[in-house]
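The structure under discussion appears below in the form of structure tokens.
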Amino acid sequence: MRRIALILALLAVAACAGDAATTTSGVEDATTTTSDATTTSIVTVGFPVTVSGDNGEVTIERRPEAIVSLSPTATEMLFAIGAGPQVVAVDDQSDYPEEVPITDLSGFTPNLEAILSYQPDLVVLSFVPADSPITEGLATTGVPALVLDGAVSIDEVYEQIHVLGEATGDLDRAQELSEEIRAEIAQIVAETGAAGEGVTYYHELDPFLFTATSATFIGQIYGLLGMVNIADDADAEGTGYPQLSAEYVVSEDPDLIFLADAGFGESAETLAERPGWEGMSALEEGAVVLLDEDISSRWGPRIVEFLRTVAQAVEMHARGA
């Protein structure tokens, strides 16, 4: 059910991709809190700030100290840029990194009362319409809601990291993170060389044969190595996430098969049980790769791990292993 919900969400993003996120910084602001025992000065540099998400422009008056993240990818980004201490609650699907404060909050069906129980000063969501009851409800209570839907490109991954850095006051680390990701990707691509050029592949999202084309951020990861996506010619509607027929996949006979649906119990063995699949080159040559479904579907910092897994498979294929 979780995988199906994700695919439906990705299809919705493909149908109406949002504008690229941008940010506008405000002036410096400082507040001082005083008690009988101590005096603490809290400097919130760069606030108020206005950022643009998929729900339009969002103004954040002060550096948020109680963030609720209802997006697993945003959660990973927040912790990666050093905003983890500011996060007080995450949804039930945000399971990385280990220290995330997981709750029973739902990112698919967010509940306003449950969210407000954590007294947030910023809520980050994905796949929520700008005029949804949850964003309108948060606006009514004065809590900024930032919607960051699925990235449609690798560049948009960097843009979302930047937006979160600006929104949380952790921009320096956000910029460093993007630079680190770029450098690691460049290194993997350089080390792999031309091994991936022309290698055909099939990326399976679920047993119903939904897949991702080169037009998606998933497909762009493979494209960095020069690989050829068998689904590109089958995406008549241009969604980026077409459903293929078994006959089509067999006829294309990809060099490599990547399974992002191991959670459904799919493996090389189960593929071989599908009618007509047992004679496919990838199965005969042991070129079926099991992917971590979270790493391969989230557009956050771990795209580097995704690319590294693909690169290793390509190198093994080149060696005939």
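The values are calculated or read from the model by the stated rules, or taken from the named source; none is laboratory data. Keep in mind that what you see is a predicted model, and the values were worked out from it rather than measured. We place every Cβ from the backbone using ideal geometry, glycine too, and count neighbours over all the protein chains shown.
Answer yes if at least one residue in the range 110-125 is of a type in the set (A, V, I, L, M, F, W, C), under 23 Å from residue 293 (Cβ atoms) and not assigned by TED's automatic domain parsing to the domain that holds residue 240, and no otherwise. Yes, the range 110-125 contains a residue that is of a type in the set (A, V, I, L, M, F, W, C), under 23 Å from residue 293 (Cβ atoms) and not assigned by TED's automatic domain parsing to the domain that holds residue 240. Looking at 293, 266, just one residue is outside the structural domain of residue 164 (by TED's automatic domain parsing) and at pLDDT below 95, and that residue is 293.
Going by what's in this entry, would residue 306 be described as free of Cβ contacts under 8 Å to residues at least 60 places away in the same chain, buried (at least 21 other Cβ atoms within 10 Å of the Cβ) and touching a helix residue (DSSP H, G or I) at 6+ places or on another chain (Cβ under 8 Å)? So residue 306 does not fit the description; no. Being part of a helix (DSSP H, G or I) and in contact with a Ser or Thr (Cβ under 6 Å, 6 or more places away or on another chain) is a property that does not hold for residue 240.
Scanning the range 255-269 for residues that are without any contact (Cβ under 8 Å) to a residue 60 or more places away in the chain and in a helix (DSSP H, G or I) turns up 262, 268, 269. Of everything listed in (1) buried (at least 20 other Cβ atoms within 10 Å of the Cβ); (2) in a loop (DSSP other than H, G, I, E, B), the single unmet condition for residue 286 is (1). Checking each residue in the range 53-85 for being of a type in the set (S, T, N, Q), surrounded by 18 or more Cβ atoms within 10 Å (Cβ to Cβ) and in contact with a strand residue (DSSP E or B) (Cβ under 7 Å, 6 or more places away or on another chain) picks out 55, 69, 71, 75.
Under the condition of being of a type in the set (Gly, Ala, Ser) and in a helix (DSSP H, G or I), which residue from the range 135-158 is surrounded by the most Cβ atoms within 10 Å (Cβ to Cβ)?
Filtering first and then ranking leaves 137.
Applying the condition of being farther than 27 Å from residue 275 by Cα and in contact with a helix residue (DSSP H, G or I) (Cβ under 8 Å, 6 or more places away or on another chain) to the range 190-213 and asking which residue is surrounded by the fewest Cβ atoms within 10 Å (Cβ to Cβ) yields 191.
Mind telling me which of the residues 315, 247 ends up being surrounded by fewer than 16 Cβ atoms within 10 Å (Cβ to Cβ) and in a helix (DSSP H, G or I)?
247
When each of 57, 76, 61, 65 is tested for being touching a helix residue (DSSP H, G or I) at 6+ places or on another chain (Cβ under 6 Å) and charged (D, E, K, R), the lone residue that passes is 65.
Identify all residues within the range 114-129 that are touching a residue at least 40 places away in the same chain (Cβ under 8 Å) and either over 21 Å from residue 299 (Cα atoms) or in contact with a strand residue (DSSP E or B) (Cβ under 6 Å, 6 or more places away or on another chain) (or both); write none if there are none. Across the range 114-129, the qualifying residues are 115, 118, 119, 120, 121, 122, 123, 124, 125, 128. Might you let me know whether the range 159-173 holds any residue that is without any contact (Cβ under 8 Å) to a residue 12 or more places away in the chain, surrounded by fewer than 20 Cβ atoms within 10 Å (Cβ to Cβ) and out of contact with any strand residue (DSSP E or B) (no Cβ under 9 Å at 6 or more places or on another chain)? Within the range 159-173 (the criterion being without any contact (Cβ under 8 Å) to a residue 12 or more places away in the chain, surrounded by fewer than 20 Cβ atoms within 10 Å (Cβ to Cβ) and out of contact with any strand residue (DSSP E or B) (no Cβ under 9 Å at 6 or more places or on another chain)), the answer is yes, since at least one residue qualifies. For residue 152, the conditions (1) at pLDDT 95 or above; (2) touching a Phe, Trp or Tyr at 6+ places or on another chain (Cβ under 7 Å) all hold with the exception of (1). Selection of the range 174-219 for residues being touching a residue at least 12 places away in the same chain (Cβ under 8 Å) and among the acidic types (Asp, Glu) yields 184, 191, 197, 204, 206. If you check 212, 186, which single one turns out to be modelled with pLDDT of 95 or more and in the same structural domain as residue 308 (by TED's automatic domain parsing)? Just a single option satisfies the conditions, and that option is 212. Does residue 68 qualify as being in contact with a Phe, Trp or Tyr (Cβ under 7 Å, 6 or more places away or on another chain) and either on the phi > 0 side of the Ramachandran plot or at pLDDT 50 or above (or both)? For residue 68, the condition - in contact with a Phe, Trp or Tyr (Cβ under 7 Å, 6 or more places away or on another chain) and either on the phi > 0 side of the Ramachandran plot or at pLDDT 50 or above (or both) - is met.
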